[in-house]
Amino acid sequence: MARGATATWTLVGPDGKRYASNRPGTLGGHRRSRIYGRRDCPAALRAIARGGYVTYRVFFLTEDHARAAGYRPCSVCLPAAYANWKKFDRKARGAKPARRG
């Protein structure tokens, strides 16, 4: 990078719209599946290696931005956040909890 030049990243904000940022996103997401997770998520890295995934890749500054934009947590790299989302989502839809045993 040239001296005096600043890097710019394109992120998705809480309103779901893209914007330029002087800070890189901390989380990555997939625009079509509306899932977000860590940038080093094993599932995302496998999808990227297979190809095609990068076309729909988006980035978020925070988890709050990702959720506000309508994305859900990844079950692979954010299992606790996913479990919490799943529990809340079931209540919001009025579904009964899954039976165990």
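FYI, it's all coordinate maths here, none of it is from the lab. Not measured: the values here are computed from a predicted model. Glycine also receives a Cβ, built like all others from the backbone with ideal geometry; neighbour counts cover every protein chain displayed.
Between the amide H of Leu27 and those of Phe60, distances stay under 5 Å, these residues lying 5 or more places away or on another chain, with hydrogens modeled in the peptide plane. Listed values for the range 21-32 are Karplus-derived 3J(HN,Hα) couplings in whole Hz (6.51 cos²θ - 1.76 cosθ + 1.60, θ = phi - 60°), namely 9, 8, 10, x, x, 8, 10, x, x, 10, 4, 7, and x replaces Gly and Pro.
Taking θ as phi - 60° and the Karplus parameters 6.51, -1.76 and 1.60, the scalar couplings of the range 63-74 work out to 5, 4, 5, 4, 5, 4, 7, x, 9, 10, x, 6 Hz in sequence order, x denoting glycine and proline. By the count of neighbouring beta-carbon atoms within 10 Å, fewest first, Lys86, Lys17 end up ordered Lys17, Lys86.
Close amide H contacts of Val76 (hydrogens built in the peptide plane, cut-off under 5 Å, sequence separation of 5 or more or a different chain): none are found.
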